[in-house]
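Peer 1: For reference, the structure I am asking about is given below.
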Amino acid sequence: MSNEPVWERPEPSGKPSPTPLSRDLIVSAAIRLADAGGLDEVSFRKVAAALNAGPMRLYGYVETKDELLDLMVDEVYGEITPPPSSAGWREGLRHVAHGIRDATKRHEWFIDLLSNRPHQGPNALTHLETTLATVRFDDIDQVLGAVGAVMAYVFGAVRGEITELRAERSSGMTEEQWQRASGPYMQRMLATGRFPTLARVMHESSDTDPAHRFEIGLGYVLDGIATRHNLAWRPAGSASEPSAQSP
């Protein structure tokens, strides 16, 4: 096995073959399989079959499944557009947050691979660089703290959304159908008076859609960062942006 990262390893020299093969084709086929059936569908055998090639041919381009997963993740990172250069820290981080959520809506498996280990592909590094660069605080530790807080929220919120979607598919019931089915039990439990706050949630909370709930939670995190560093909100394109002040 090569010690050279897959990003820097040259592909095999082209050989005459009725079935063209490249690293890009392999990654694209793997992503299609994962999009259709999840990460369990990604194997060298299935990817090779999708490309009408023998599995052994793939090893010249990708040596392990972990490498293939890394390449897939990096491809999705490449779909996330960077924040506009004129954006302030708040607008920039909101842009990144929604970009990650949108990418995960297209590729549900993406969230399963985001926190297992650091990603060092060229697209992942570019994504990280542009995300950090949008937070123009003087102290780099404050930059890392702000970005880390937003990413922790994003990963958790998006994972929750995807988990709900998967549960809905596995049960065969929509959220509304599940609520109707569990309604009588919940009504009996709330009637005991032991759960007054949950009763308020059931009877008073707004039925917002997932995108709205995501934006509300993101706003709380961004407001918290602003409050901690005594930052005033400024619209995108402001001439200047205040530096973070130590709390």
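The values are calculated or read from the model by the stated rules, or taken from the named source; none is laboratory data. Please read these numbers as outputs of a predicted model, since none were measured by experiment. Note that each Cβ is placed from the backbone with ideal geometry, even for glycine, and that neighbours are counted across all protein chains shown.
Peer 1: So if I check each of Ala146, Ala133, which one is surrounded by fewer than 18 Cβ atoms within 10 Å (Cβ to Cβ), among the hydrophobic types (A, V, I, L, M, F, W, C) and more than 25 Å from Pro5 (Cα to Cα)?
Peer 2: Values: Ala146 fails: surrounded by fewer than 18 Cβ atoms within 10 Å (Cβ to Cβ).
Exactly one of Ala146, Ala133 is surrounded by fewer than 18 Cβ atoms within 10 Å (Cβ to Cβ), among the hydrophobic types (A, V, I, L, M, F, W, C) and more than 25 Å from Pro5 (Cα to Cα), namely Ala133.
Peer 1: Among the listed residues Glu204, Glu168, identify the single one that is out of contact with any strand residue (DSSP E or B) (no Cβ under 7 Å at 6 or more places or on another chain), at pLDDT below 90, exposed (fewer than 12 other Cβ atoms within 10 Å of the Cβ) and not basic (Lys, Arg). First the steps, then the outcome.
Peer 2: On the way: Glu168 fails: exposed (fewer than 12 other Cβ atoms within 10 Å of the Cβ).
Answer to the selection: Glu204.
Peer 1: Filter region 181-199 down to residues that are assigned to a helix (DSSP H, G or I), surrounded by 11 or more Cβ atoms within 10 Å (Cβ to Cβ) and of a type outside the set (S, T, N, Q), then give me how many there are.
Peer 2: Residues flagged as assigned to a helix (DSSP H, G or I), surrounded by 11 or more Cβ atoms within 10 Å (Cβ to Cβ) and of a type outside the set (S, T, N, Q) within region 181-199 amount to 7.
Peer 1: Just give me the residues in region 110-134 being under 13 Å from the mean Cα position of the chain (by Cα), of a type in the set (Gly, Ala, Ser) and not in a helix (DSSP H, G or I), in sequence order.
Peer 2: The one that is under 13 Å from the mean Cα position of the chain (by Cα), of a type in the set (Gly, Ala, Ser) and not in a helix (DSSP H, G or I): Ser115.
Peer 1: Follow-up question, since we're still on this one. If you take the residues of region 69-98 that are among the polar types (S, T, N, Q) and farther than 26 Å from Val42 by Cβ, which of them is surrounded by the fewest Cβ atoms within 10 Å (Cβ to Cβ)?
Peer 2: The qualifying residue surrounded by the fewest Cβ atoms within 10 Å (Cβ to Cβ) is Ser85.
Peer 1: Now for a separate question. Among the residues of region 221-234, write down those that are surrounded by 10 or more Cβ atoms within 10 Å (Cβ to Cβ) and free of Cβ contacts under 8 Å to residues at least 12 places away in the same chain.
Peer 2: Within region 221-234, Asp223, Thr227 meet the criteria.
Peer 1: With the structure loaded, tell me whether Arg45 is modelled with pLDDT of 95 or more and either surrounded by 14 or more Cβ atoms within 10 Å (Cβ to Cβ) or not assigned by TED's automatic domain parsing to the domain that holds Ile162 (or both) or whether it fails that test.
Peer 2: Taking the combined requirement at face value, the residue satisfies it.
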